[in-house]
Amino acid sequence: MIDNQSVYLAISAVLFVIGAAGAICRRNAIVVFMCIEIMLAGVSIAFVTFSRANQSLDGIFMVLFIMAVAAAEAAVGLAIFVLMYRKHGSIDLDKFNLMKW
Amino acid sequence: MFDYIWLVPVFPAIGVLINGLLGRRIEAVSKHLVHWVACGMIALSFIVTCVIFSQLLQLPPDQRLYQVTCFSWIHSGVLQTYVAYQIDPLSMMMAMFVIGIGFLIHIYSIGYMWEDEGRYYRFFVYLNLFMFSMINLILANNYLLMFLGWEGVGLCSYLLIGFWFDDEANAIAGKKAFITNRVGDFAFLIGMFLLFTGLGEHGVWSLQFSEVFSHVHYLSQSQATMICLLFFIGCTAKSAQIPLYVWLPDAMAGPTPVSALIHAATMVTSGVYMISRSNVLFSMSPFAMGVVATVGAMTAIFAASIGLVQNDIKKVLAYSTVSQLGYMFLGLGVGAFAAGMFHVLTHAFFKALLFLGSGAVIHSMHHAYHKVHCHDDPQDMRNMGGLKDKTPITFWTFLIATLAISGIPGFSGFFSKDEILWQAFSSPQGSWILWLIGAVAAGMTAFYMFRLVFMTFFNECRAGEACEHIHESPPSMTGPLCVLAFLAAVGGYLGVPHALGGSNLFHQFLDPVMGLGDGKLLHDATQAAAHGAQHAAEAAGHAMHAVAGHVAEGAGHLAEGVEHGEHSLFMEYLLMVVSVALACFGILIAYIFYIKKREIPAALAERYSFVHRLLLNKWYVDELYELVIIAPLRGFAYFLWKGVDVGVVDYIVNGVARIVGWGSSAVRYIQSGYVQSYAVSVVFGTVVLLAYYFLKAL
C-alpha cells in the first residue's frame with residue numbers, strides 16, 4: 001500500500017533530483033540558480049513530511065530557516081551574476097574556467 | 001728528567017699551533033719570527049732529548065728501559081691503550097739523530113724558503129707537524145701510538161711534497177706518495193689486528209711493546225710469519241722497497257729540505273725502526289726474515305741500476321736512498337738488527353748532507369738562471385759543471401758525503417755498510433748470494449755517486465750565460481752542511497767492528513733491545529728502583545725460559561757468529577778489502593767516463609740503447625703499475641660512479657620524484673575550472689555515501 005508519507009517523500013526526491021540535474025547540466029547561471037531553489041523546495045517538503053510524521057514542530061522551523069537562507073543566497077548570488085555579466089558580457093557558465101590547472 | 005719526555009713531542013706541536021693558527025699574521029709582521037718559533041721549538045725538543053739521553057747513558061745497560069704514561073687514549077672492552085712513551089737505547093738513539101738532523105734542516109729551510117712569499121709560515125707548520133708525528137712514532141711504547149705517528153708522517157709527506165701545489169705535477173706526486181703509503185698502512189693495520197687477536201687468544205690484550213715481546217712466544221709460527229709479512233709490506237711502502245717504492249722518486253717534486261728530512265733521514269727509516277723494534281717478533285719467523293733480506297738486496301741493486309743513468313740530480317739521490325734502504329733491510333733480514341740501525345744512523349748523516357748539498361747547488365743554479373732569464377732545468381746535471389771553484393763549501397761537504405756513501409774507509413758509510421755486508425755473508429740466515437748482490441750494488445753506488453760529483457762539480461761550466469752568476473749559498477744553508485759533513489766523517493767511529501780493533505760501541509749500546517742480551521729489557525721493568533732490580537731479575541729469568549725456545553736459537557747463533565766468528569777473521573778482512581776494491585773500481589770507472597774520456601757514456605748509450613732506455617725509464621715499473629693496477633681500478637671506479645651511483649642510486653631517487661610528477665600531472669585534470677563539474681563531484685560523493693549507508697542498513 002503506498003501511503004501518503006511515501007508519496008510526499010517521493011515528490012521530494014523527484015524535486016531534488018530534477019533540481020540537481022538542472023544545476024549540473026544547464027548553462028545559464030540564472031537557470032542554475034532556479035534549480036538550486038527547486039532543490040531547496042524538495043528538501044523543504046521532506047522536512048515538513050517528517051515533521052508531520054513525528055508530530056513535532058522541528059521540521060517546520062527548519063523550513064523557515066531554509067526560506068531565509070534561500071532568500072539571502074538569492075541576493076548574494078544575483079549580485080555575483082551582475083558582476084560576472086559586467087566583466088564578461090555573458091553569464092554562460094561554460095565560459096568561466098579561469099581557475100583551471 | 002725522564003718523566004718530561006712528553007715535552008719532546010709537545011714542543012713541535014706548540015710550534016704547529018702557533019704558526020698554524022697565527023702564521024699568516026706573524027709572517028706579515030715579521031718573517032723572522034716565524035722561523036724563530038719553529039726552529040726554537042725543535043731546539044728545545046733537542047735539548048730535552050739530549051738531557052734524557054745523557055741520563056740514560058748513566059744507567060747500567062740492563063736497566064735502560066723507562067716508560068712514561070701520559071694519558072689513557074682508548075678504553076674499549078679489552079682494548080686499553082695509553083699515550084705513553086718508552087725511553088730505551090733504540091728509541092733515544094733514533095730521537096737524537098732525528099731531532100738533531102731535523103733541527104739542522106729547519107735552519108737550512110730558512111735560507112732555502114726565504115723567497116717564498118706568503119707560504120713561508122706554512123712550510124714551517126708542516127715541518128713541525130712532521131717532527132711531532134715522527135717523534136711520536138719513535139718514542140711510542142705501543143703499536144697504536146706508533147701507527148699514529150706512522151700515518152702522521154705520511155700525511156706530512158703528502159703536504160710537503162705537494163707544497164708548491166700550483167704546479168699540478170707536484171700535487172699528483174703528493175697524491176701518489178700518500179696513496180702508495182696507504183696501501184702499506186693497510187697491511188700494517190691488518191698485521192696489528194692479527195697480533196692483537198693472536199695474543200688475545202692467550203689472554204694478553206695489549207699492543208704495548210714490552211707486553212707483546214714478552215708474550216710473543218704464544219703465537220704459532222704461521223701466525224708470527226703472517227704478522228711479520230704484513231708489517232713488512234707496511235715497511236715496503238714507508239721505506240720505499242720493491243714493490244711500493246714508486247712514490248719516492250716522484251717525491252723529489254717537493255722542496256729539497258723536504259727531500260732531505262723526510263725522504264732521506266727520517267720518515268723512510270721508520271720502517272727500519274719498526275722492524276728493529278719488533279726484532280723479537282721477526283726472529284720467530286725465519287721465512288719473514290728471509291723475505292726481508294731478499295727484498296732488501298733486490299731493491300738495493302735494482303734502484304742502483306736505475307740511478308746509473310738518471311740526469312736529474314735529485315732523482316739520482318732518490319734512487320740512491322731506495323738502494324741504501326735496501327741495504328738496511330738486508331741487514332735486518334739476516335738478523336743483524338744493530339747493523340741495520342747503524343746504517344740508518346750513518347745514512348741519515350750523509351744522505352741528508354747529499355740532499356742539502358744538492359739543494360744548495362739547485363739554489364745557486366736557480367738564482368743564476370733567474371738573473372739571465374733562462375728557463376732551463378736547474379736540476380739537470382747536464383747543465384751543471386765546474387761548480388767546484390764557484391761553490392767551494394758545497395763542493396767539499398758534498399765530496400765528504402759521497403766518500404761516505406761509497407764506503408771509503410775512514411768515513412762513516414764504510415763501517416756501517418761493511419758490517420751489513422759481512423753479516424749478510426756470515427750470519428746463519430745470510431748467504432754469499434746476498435753478499436754478492438750487496439757488494440755489486442755497493443760498486444754501482446760508488447760509480448753513480450761519483451758520476452754525480454764529476455758531472456756537477458768538475459769540468460767546465462755548461463750553463464752558458466748563467467755561469468758567472470753562480471755563487472755560494474747563504475750561511476744559513478752552508479752551516480748545516482758543515483755540521484753534517486763532520487758527522488758523516490766521524491759518525492762511523494761509533495761502530496768500529498771488533499775485527500778492526502774497535503769495541504763497536506753502537507752494537508753494545510743496542511744489545512739489550514735486540515734480544516741478544518739476557519732479555520731483561522723485554523719485560524715491563526717499570527722503574528730502576530730498589531724493588532725494580534729484583535723484579536727485573538725475576539722477570540728476566542721468566543723471560544729467558546719463555547723466550548729461549550724461539551729467540552735464543554736465532555739470536556744465540558748470531559751471537560756466536562758475531563762474537564766468536566763462525567767464519568774466520570780472515571774472511572772478514574777479505575770481504576772488507578773486496579768491497580773497498582769494488583768501490584774504488586766504481587770510482588775509477590766514473591773518473592774515466594766523466595773526466596778522462598767523456599765520449600764513452602754517450603757511445604755506450606748508443607750501442608746498448610735498449611738497456612739504456614730501460615734503465616732511464618725506471619724499468620717501466622710505473623707504466624706497468626698503471627696498466628695492471630691503476631687503469632683497472634680507475635675503470636672500476638668509473639663504473640661504480642656512472643653505473644652504480646648515477647645509474648642506480650640517482651636513478652631511484654630521481655625516479656621517485658618523476659613518479660610523483662607523473663602522478664600529479666595525471667590527476668591535475670580534475671581541476672577543470674568549471675563549477676558544474678565540481679558540482680558533479682559533490683553529487684557523486686553524496687550518492688556514494690548514501691549508497692554505503694543504505695546498503696549497510698540492509
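Read-outs throughout are calculated quantities, based only on the coordinates presented, and are distinct from any laboratory measurement. Because the structure is predicted, anything quoted here is derived from the model rather than measured. Glycine also receives a Cβ, built like all others from the backbone with ideal geometry; neighbour counts cover every protein chain displayed.
Taking A:ILE36, A:ILE45, A:ILE80 in turn, the Gaussian network model of chain A (Cα-Cα springs below 10 Å) assigns the largest fluctuation to A:ILE80. Semi-axes of the equivalent ellipsoid of segment B:1-284 are 33, 23, 15 Å, computed as sqrt(5λ) over the eigenvalues of the C-alpha gyration tensor in descending order.
Ranking of B:ASP389, B:ASP418, B:ASP511 by neighbouring Cβ atoms within 10 Å, starting from the fewest: B:ASP389, B:ASP511, B:ASP418. With 5 Å bins beginning at zero, the pair-distance distribution over Cα atoms of segment B:273-368 amounts to 3, 14, 20, 19, 16, 11, 8, 5, 3, 1, 0, 0 %. The alpha carbon convex hull volume per residue for the protein assembly as shown rounds to 319 Å³. For segment B:249-352, the list of trypsin sites (Lys or Arg not before Pro) that fall in a loop by DSSP and count at most 13 other C-beta atoms within 10 angstrom is empty. Between amide H atoms placed 1.01 Å from N, distances below 5 Å from B:CYS70 occur with B:VAL83, B:ALA84, B:TYR85, all of them 5 or more places distant or on a separate chain. Inter-chain neighbour count for A:18-24: the average number of beta-carbon atoms from partner chains within 10 Å of each residue's beta-carbon is 3. Largest mean-square fluctuation among A:ALA21, A:ALA79, A:ALA29, in a Gaussian network model of chain A whose springs join Cα atoms under 10 Å apart, belongs to A:ALA79. Of the residues B:TRP6, B:ALA169, B:ALA260, the one whose Cα sits farthest towards the positive end of the charge dipole of segment B:1-284 is B:TRP6 (charges of +1 on Lys and Arg Cβ, -1 on Asp and Glu Cβ, taken about the Cα centre). For chain B, the cysteines with no partner cysteine C-beta closer than 4.7 Å are B:CYS39, B:CYS50, B:CYS70, B:CYS156, B:CYS228, B:CYS235, B:CYS374, B:CYS482, B:CYS584. Residue farthest toward the positive end of the dipole of the protein assembly as shown, with Cβ of Lys/Arg at +1 and Asp/Glu at -1: which of B:ASN19, B:SER664, B:SER45? Value: B:SER664. Scaled to the globular estimate 2.2 N^0.38 Å, the Cα spread of segment B:1-112, given as radius of gyration, is 1.28.
Mean projected area of the Cα convex hull of segment B:620-697, taken over all directions, amounts to 9.7 nm².
Its residues counted as N, chain B yields a C-alpha radius of gyration over 2.2 N^0.38 Å of 1.16.
Each of B:MET131, B:MET477 has some number of other Cβ atoms within 10 Å of its Cβ, and from fewest to most they run B:MET477, B:MET131. Annotation: the residues B:MET113, B:MET328, B:MET96, sorted from fewest to most other C-beta atoms within 10 Å of their own C-beta, follow the order B:MET96, B:MET113, B:MET328.
Considering only GluC sites (Glu not before Pro) in DSSP loops that have at most 15 other Cβ atoms within 10 Å, the longest stretch of chain B without any of them is B:202-459.
Helical content of the protein assembly as shown, expressed as a calculated mean residue ellipticity at 222 nm, amounts to -23000 deg cm²/dmol (DSSP H runs of 4 or more residues, -39,500 (n - 2.57) each, divided by residue number, nearest 500). Using the Karplus relation 6.51 cos²θ - 1.76 cosθ + 1.60 with θ = phi - 60°, the per-residue 3J(HN,Hα) values for segment A:85-101 come to 5, 5, 6, 10, x, 6, 10, 7, 5, 5, 8, 9, 10, 5, 8, 6, 5 Hz, with x marking Gly and Pro. The spacing between segment A:33-95 and segment B:399-423, judged by their C-alpha centroids, is 116 Å.
Let me know the charge dipole size of chain B about its Cα centre in debye, to the nearest 20, where only the beta-carbon of Lys, Arg (+1) and Asp, Glu (-1) is charged.
1560 debye
The lysines within cross-link reach of B:LYS175, meaning a Cα-to-Cα straight distance under 26 Å and a gap of 8 or more places when in the same chain, are B:LYS238, B:LYS314, B:LYS315, B:LYS351, B:LYS618, B:LYS642.
Per residue, the convex hull spanned by the Cα atoms of segment A:4-89 measures out at 64 cubic angstrom. Near B:TRP164, no amide H atom lies under 5 Å from its own; only residues 5 or more places off or on other chains count, and H is placed 1.01 Å from N.
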